[in-house]
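S.K.: Submitted below is the structure of interest, expressed as structure tokens.
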Amino acid sequence: MNVTMKLSDFDYPFDRSLIAQRPPARRGGSRLLVLDRENGAMRHGRFPDLLEELTPDDLLVVNQTRVWPARVIGKKVSTGGVVELLFLHAVPPSADCWRVVAKGQLRDGQRIAFPDGHHVDVVASEGEGRWQVRLNGQGDLASWLARVGHIPVPPYITRSGSAAEDRLDRRRYQTVYASVPGSVAAPTAGLHFSAAQLRRLDARKIPIAKLTLHIGVGTFQPIRCEEIGQHRMAAEYAEVDAAVGGAIAATRRRGGRVVAVGTSTVRALESAVDGTGNGGRVRSFRGWTDLFITPGYRFGVVDALVTNFHLPKSSLLCLVSAFAGRERLLAAYRAAAASGYRFYSYGDAMFIRRGGV
């Protein structure tokens, strides 16, 4: 059962200069704060130290979603005004009708043209900047977006938007194991893992299981309700197959821990769990989840968490507070800020687990 808490309980003073505007020079070169969720003890290190925190009995679970270049800039044919569209997902039953978020004023029936000669027609408003549009001749949307789209980095990353930066984001705002296109935001805890680090995990025989949760724009939407229990998460599509459930069951049998990489992995796993409490059985799951995890939530399967540092008053901060304890987590955030950690998507990492630090 969720505890009644106020949005102000999840605020913290923050210096915006700590927001990482670019990834570290080398993937995996970020810092790591290890936090004990039982007593709040902390230790500072580097992300490669995570390898020493894991054993072959554990299971690392990652989100294999791939960020697609879903941000496209066009012009309204009627006025010439610039509009930016962020493509989210198709609206059944028509494969040509897509839900988008628009930056700029639109109206039903309007046509938006793009530099490559293609266009979309505005079908209907869904409110709060969301619209349905109909494609016209783009063919396979993923291929079209790969040619004309831009990676939709978060709004707090404020840079010039140059072609060089777009090329950087296409490479680094993506996990090395991303394979299933569909997200408009990266599962950022996974950005820290390099190919070399994955090889070291394999050499240590630390198993990895993969699931999919396509991250939508809801990950950046602020909570506007003062009582957080009134907030409704935007639904996101997830797939957890039987192999993940089997790997978790095997982990339980050998006494290991289920280590989730990122809050999206937590939400997917907890959406697929039968029962509550440590040892819950993960079933196959394919569908939409709007699970909102706040303090008082009883985790069914996740034992440890790799995560980044999240925005104040965000659903992500609520989830990590539920896992680590709000006071312990905010104390860790204060320590990280005082030590100059980099925050948010391209920032440094935390490892939250139970046991002496």
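The values are calculated or read from the model by the stated rules, or taken from the named source; none is laboratory data. Keep in mind that this is a model prediction, so the values were computed, not measured. Glycine gets a Cβ as well: all are built from the backbone with ideal geometry, and neighbour counts include every protein chain shown. Please note that ligands, DNA and RNA were not included when accessible areas were found on the heavy atoms of the full protein model with its side chains. Shrake-Rupley method; radii C 1.70, N 1.55, O 1.52, S 1.80 Å.
S.K.: Relative contact order (percent) for the chain, with alpha-carbon contacts under 8 angstrom and 6 or more residues of separation?
M.R.: Details: 789 pairs, mean separation 93.5, N = 357.
Relative contact order, the chain: 26 percent.
S.K.: Then there's this: Which log10 I(q)/I(0) values does the stretch 310-355 give at q = 0.20, 0.21, 0.30 Å⁻¹ under the Debye formula, counting every alpha carbon as one identical point scatterer?
M.R.: Those come out to -0.66, -0.73, -1.36, one per q.
S.K.: Can I ask one more? For the stretch 40-84, what D do you get in µm² per second when you plug the Kirkwood radius from alpha-carbon pairs into Stokes-Einstein at 4 °C and 1.567 mPa s?
M.R.: Numbers: Rh = 16.1 Å.
The Stokes-Einstein estimate is 81 µm²/s.
S.K.: Just name one of L213, A25, S8: the one whose Cα is farthest towards the positive end of the charge dipole of the chain (beta-carbon charges, Lys/Arg +1, Asp/Glu -1).
M.R.: Among L213, A25, S8, the one farthest towards the positive end of the dipole of the chain is A25.
S.K.: To continue, here is another question. Under the Kirkwood approximation for Rh and a Cα-based Rg, what ratio Rg/Rh is obtained for the stretch 95-198?
M.R.: On the Cα set of the stretch 95-198, Rg over Rh gives 1.01.
S.K.: Given the stretch 52-113, report the % of alpha carbon pairs whose separation exceeds 12 Å. Don't jump to the answer; show the numbers that get you there.
M.R.: On the way: 1443 of 1891 pairs.
Result for the distance tail: 76 percent.
S.K.: Can you give me the % of accessible surface on the chain that is carbon or sulfur? Probe 1.4 Å, all protein chains present, nothing else counted.
M.R.: Working: 7820 of 15380 Å².
Its accessible area is 51 percent carbon and sulfur atoms.
S.K.: Please list, in chain and number order, the residues 5+ apart from D57 or on another chain whose amide H is under 5 Å from its amide H, with Hs placed from the backbone.
M.R.: Here the answer is none, since no amide H 5 or more places off falls under 5 Å of that of D57.
S.K.: What fraction of the Cα pairs in the stretch 238-357, stated in percent, has a spacing above 18 angstrom?
M.R.: Tail of the P(r) past 18 Å holds 52 percent of the pairs.
S.K.: Here's a follow-up. Counting only heavy atoms of the protein chains, get the accessible area per residue of the stretch 244-357 (1.4 Å probe) and round it to a whole Å² value. Please report the intermediate quantities before stating the final value.
M.R.: Values: 3670 Å² over 114 residues.
Solvent-accessible surface per residue comes out at 32 Å².
S.K.: Show E126, E53 ordered by accessible area, largest first, where the area counts protein heavy atoms only and the probe is 1.4 Å. If you can, show how the numbers build up before the last one.
M.R.: Values: E126 75, E53 25 Å².
So the residues, ranked largest to smallest area, are E126, E53.
S.K.: Something else now. Provide, in order from the shortest bin, the percent of all Cα-Cα pairs of the chain in each 10 Å bin, continuing until the bin that contains the maximum pair distance.
M.R.: 5, 24, 33, 24, 11, 2, 0
S.K.: Indicate, rounded to the nearest 5 percent, the antiparallel portion of the DSSP beta bridges found entirely in the chain.
M.R.: Details: 48 of 67 bridges.
Restricted to the chain, the bridges split so that about 70 percent are antiparallel.
S.K.: In addition: Keeping every protein chain present and rolling a 1.4 Å probe, give me the accessible area per residue for the stretch 1-147 in Å². Spell out each step's value before the answer.
M.R.: Values: 7340 Å² over 147 residues.
The answer is 50 Å² per residue.
S.K.: Pull up the cross-link candidates among the lysines for K75, meaning alpha carbon to alpha carbon under 18 Å and not fewer than 8 places away within one chain.
M.R.: Counting by Cα, and skipping residues close in sequence, K75 has these lysines nearby: K103.
S.K.: Determine the order of D166, D58 by accessible area, beginning with the largest, at a probe radius of 1.4 Å.
M.R.: Details: D166 30, D58 5 Å².
So, going from the largest accessible area down, we get D166, D58.
S.K.: Quick check: with the 1.4 Å probe, what order do K103, K6, K75 take by accessible area, largest first?
M.R.: Values: K103 135, K6 85, K75 115 Å².
Per-residue accessible area, sorted high to low, gives K103, K75, K6.
S.K.: Same structure, new question: Among the lysines, which have Cα under 17 Å from the Cα of K6 when same-chain residues fewer than 8 positions away are ignored?
M.R.: Excluding near neighbours in sequence, the set is K313.
S.K.: Oh, and also: Please compute P(r) over all alpha-carbon pairs of the stretch 1-57, binned at 10 Å starting from zero, and give each bin as a whole-number percent.
M.R.: 15, 30, 35, 19, 1
S.K.: Set Lys and Arg Cβ to +1 and Asp and Glu Cβ to -1, take the dipole of the stretch 4-124 about its Cα centre, and tell me which of L88, N63, A102 lies farthest positive.
M.R.: Farthest towards the positive pole: A102.
S.K.: Another one. Between rounded, prolate and oblate, where does the stretch 155-274 land on the alpha carbon gyration tensor, with a ≥ b ≥ c its root eigenvalues, rounded for a/c under 1.5, else prolate if a/b exceeds b/c?
M.R.: Working: a/c = 2.36, a/b = 1.19, b/c = 1.98.
Because a/c hits 1.5 or more and a/b fails to exceed b/c, the stretch 155-274 counts as oblate.
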